[in-house]
Amino acid sequence: MNSPIKFGTDGWRAIIGDTFTFDNVRIAAQATADYFQTVEGCEREVFVGYDVRFQSRAFARAAAEVFAANDFRVLMMDRPYPTPYVSFEVRRRKLVGGIMITASHNPSNFNGFKVKAHFGGSATPAITARIEAGIQDGAKILTATSGLKNTSEFFLRPELARPECPIESVGPEKYYFEHIKSLVDWDRIGKSKLKIVVDSMHGCGGYILEEMLRDTSCTVQTIRGNPDPLFGGINPEPMMPQLEPLGEAVRQSVSHVGLATDGDADRLGIVDEKGEYVNTLQTLSLLLVHVYRNKGWRGAVARTYSQSLLIPRIASKFGLQLYERPIGFKNIGELMLENEILIGGEESGGIGLSRHLPERDGIFINLLFLDLLAASGKTPSELIRDMWKEFGEFHFDRRDLHVPIEVGNAVVAKWKADPPANFAGRRVEEVGKLDGSKVFLEKNSWILFRQSGTEPLLRVYCEAPSRQALAEIMGAGLKFVEQFTSAGVY
């Protein structure tokens with residue numbers, strides 16, 4: 001029996017009530033518990049967190065019961081809280097690991113199961129491969145025990161539930177906040193008098209940033225801070241058009257910056273003083289310059305395959321080693337286990353630094369952006385213009401095309417097998433194959449076609465030196481995809 005539980009770029013995600021069920025959550029938890037049994041030198045404890053989605057707390061409780069039945073002490077959050085907090089607590093407490101029930105930035109009808117390893121970051125591909133193997137065994141066991149009313153009868157056998165392995169409800173503690181404050185110039189931020197709008201997109205970020213900045217000179221307004229399982233009818237992904245309310249709030253309040261976090265607050269989005277979106281490629285580039293020049297930190301730089309051409313330019317000027325990895329922050333997190341990574345990031349808004357965690361963190365990186373504004377005394381748009389003057393101007397676009405998986409795979413395969421000599425009126429210089437098909441064009445432009453491995457979604461990414469060139473190349477890319485489906489794309 002093939003299990004429907006498949007781990008993607010960060011955990012398993014599925015539609016609630018379809019594949020994401022209590023039975024499947026228990027199977028995933030049991031396979032994860034089996035892996036945690038092999039972790040040595042750590043406390044036999046598991047940290048369990050969850051987001052604001054429908055039934056997330058109940059799914060988390062079901063998973064916690066499985067861990068307890070496997071002789072682990074379980075610490076379960078008493079409220080929805082950010083994923084990076086779970087990762088931090090796993091490392092601080094030296095636990096065998098943790099899980100987070102969340103579908104991150106996916107639509108509200110999804111939920112998910114993230115595994116956090118003992119080092120305080122997303123499970124590496126090697127770890128998830130072992131868990132998936134255990135899931136396959138669990139699915140076979142479930143078939144063999146189909147006479148049981150539900151999986152809880154199998155996984156929660158009374159003889160395994162020991163009183164010395166309870167499920168303990170825990171609230172937020174001070175250590176995470178003290179740590180991230182220590183990584184920025186908190187005194188300078190506190191005296192900066194920045195006017196800030198925070199957009200939690202109805203997710204786990206809540207009012208955390210506003211509370212942290214309450215006793216400073218900063219003025220903070222939070223929008224969409226209340227938890228909502230439907231996320232106000234949008235996908236809680238911190239980029240446009242989802243951040244239009246944040247842009248409008250910044251303009252109306254004449255604020256210096258808008259800061260956003262996604263559904264589980266491990267990704268971020270920035271809006272400048274004009275209410276315009278600062279894309280994630282620009283954000284990573286600005287922060288790379290900041291941590292090197294203003295903070296004096298050193299280390300290598302890591303980017304995923306859909307990140308900006310600016311990153312290698314900046315890294316080269318600073319004499320920093322650059323790593324490029326497939327899409328998914330877990331690939332950067334794995335790199336952080338063996339290398340000191342000054343900063344690493346993905347296009348979808350996940351950014352991390354080794355000196356914090358081998359993990360992305362929307363709360364911390366938003367504070368680091370405030371650290372940049374306070375240190376420079378400039379607006380976000382001024383910082384971007386300065387960066388362009390020094391390293392070159394670039395613009396970026398991404399389109400999410402809902403096409404059948406076989407169509408997306410055909411698009412990617414066509415570029416790998418038989419690429420044209422010219423595209424969008426530009427010479428094709430190379431087709432990269434690290435993750436999807438990345439078409440490098442003359443005049444410092446590229447377009448990437450990448451099919452999701454878990455859902456009917458083809459993403460098309462593009463970067464070019466001007467808005468006109470960006471529109472021309474992206475338009476050609478969309479027309480290229482349309483050749484492969486009579487229904488078109490949407």
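The values are calculated or read from the model by the stated rules, or taken from the named source; none is laboratory data. On a predicted model such as this, the values are computed, not experimentally measured, just so you know. When we count neighbours, we look across all protein chains shown, and the Cβ atoms used for this are built from the backbone with ideal geometry, even at glycine. Only protein heavy atoms, including side chains, enter the accessible area calculation; ligands, DNA and RNA are left aside. Shrake-Rupley method; radii C 1.70, N 1.55, O 1.52, S 1.80 Å.
Observations on the model:
- Computed from label points 7 Å out along Cα-Cβ, the spacing between Thr38 and Lys193 is 5.9 nm.
- In order along segment 376-387, the Karplus-derived 3J(HN,Hα) couplings, from 6.51 cos²θ - 1.76 cosθ + 1.60 at θ = phi - 60°, round to 8, x, 10, 7, x, 5, 5, 5, 5, 4, 4, 5 Hz, and Gly and Pro are given as x.
- For His395, the amide hydrogen comes within under 5 Å of the amide hydrogens of Ala464, Ser466, counting only partners 5 or more places away or on other chains and with H modelled in the peptide plane.
- 25 °C / 0.890 mPa s Stokes-Einstein diffusion coefficient of segment 82-130, Kirkwood radius on C-alpha pairs, µm²/s: 219 µm²/s
- Ranking by accessible area, most exposed first, for Trp12, Trp388 with a 1.4 Å probe: Trp388, Trp12
- Across the chain, the convex hull enclosing all Cα atoms gives 144 Å³ per residue.
- Dipole magnitude of the chain about its Cα centre (Cβ charges: Lys, Arg +1; Asp, Glu -1), debye to nearest 20: 640 debye
- 3J(HN,Hα) from dihedral phi, segment 247-264, Karplus parametrisation 6.51/-1.76/1.60, rounded to Hz, x for glycine, proline: x, 5, 5, 5, 5, 5, 8, 6, 8, 7, 6, x, 10, 10, 10, 7, x, 10
- For Phe110, the amide hydrogen comes within under 5 Å of the amide hydrogens of Ile16, counting only partners 5 or more places away or on other chains and with H modelled in the peptide plane.
- Across segment 183-199, rounded Karplus estimates of 3J(HN,Hα) from the backbone phi angles (6.51 cos²θ - 1.76 cosθ + 1.60, θ = phi - 60°) give 8, 10, 7, 5, 5, 5, 4, x, 9, 6, 6, 5, 9, 10, 10, 10, 10 Hz, Gly and Pro being marked x.
- Under 13 Å, Cβ to Cβ, from Gly190 - net charge with Lys/Arg +1 and Asp/Glu -1: +1
- Nonlocal amide H pairs with Thr219, under 5 Å, H built at 1.01 Å: Leu194, Lys195, Ile196
- In the context of the full set of protein chains, segment 317-366 has a per residue accessible area of 28 Å² (1.4 Å probe).
- At the residue level, Lys479 shows approximately 140 square angstrom of accessible surface with a 1.4 angstrom probe and all protein chains present.
- Heavy-atom accessible area order for Glu89, Glu210, Glu40, Glu482, largest first, 1.4 Å probe: Glu40, Glu482, Glu210, Glu89
- Cβ-derived FRET efficiency at R0 22 Å, Lys317 paired with Glu340, nearest 0.05: 0.70
- Grouping the Cα pair distances of segment 206-279 into 10 Å bins from zero gives a pair-distance distribution of 19, 54, 26, 1 percent in increasing distance order.
- For segment 228-356, the Stokes-Einstein estimate of translational diffusion at 37 °C and a viscosity of 0.692 mPa s comes to 213 µm²/s, using the Kirkwood hydrodynamic radius over alpha-carbon pairs.
- Carbon + sulfur, % of accessible area of the chain - ligands and nucleic acids excluded, 1.4 Å: 49 percent
- DSSP-assigned coil residues among GluC sites (Glu not before Pro) in segment 310-376, each with at most 15 further Cβ atoms within 10 Å: Glu338, Glu340
- Among beta bridges identified by DSSP and lying wholly in segment 209-365, the antiparallel ones come to about 50 percent.
- Restricting the trypsin sites (Lys or Arg not before Pro) of segment 195-231 to loop positions (DSSP other than H, G, I, E, B) with no more than 11 neighbouring Cβ atoms within 10 Å leaves Arg214.
- Counting only protein heavy atoms and a 1.4 Å probe, segment 161-291 has 39 square angstrom of accessible area per residue.
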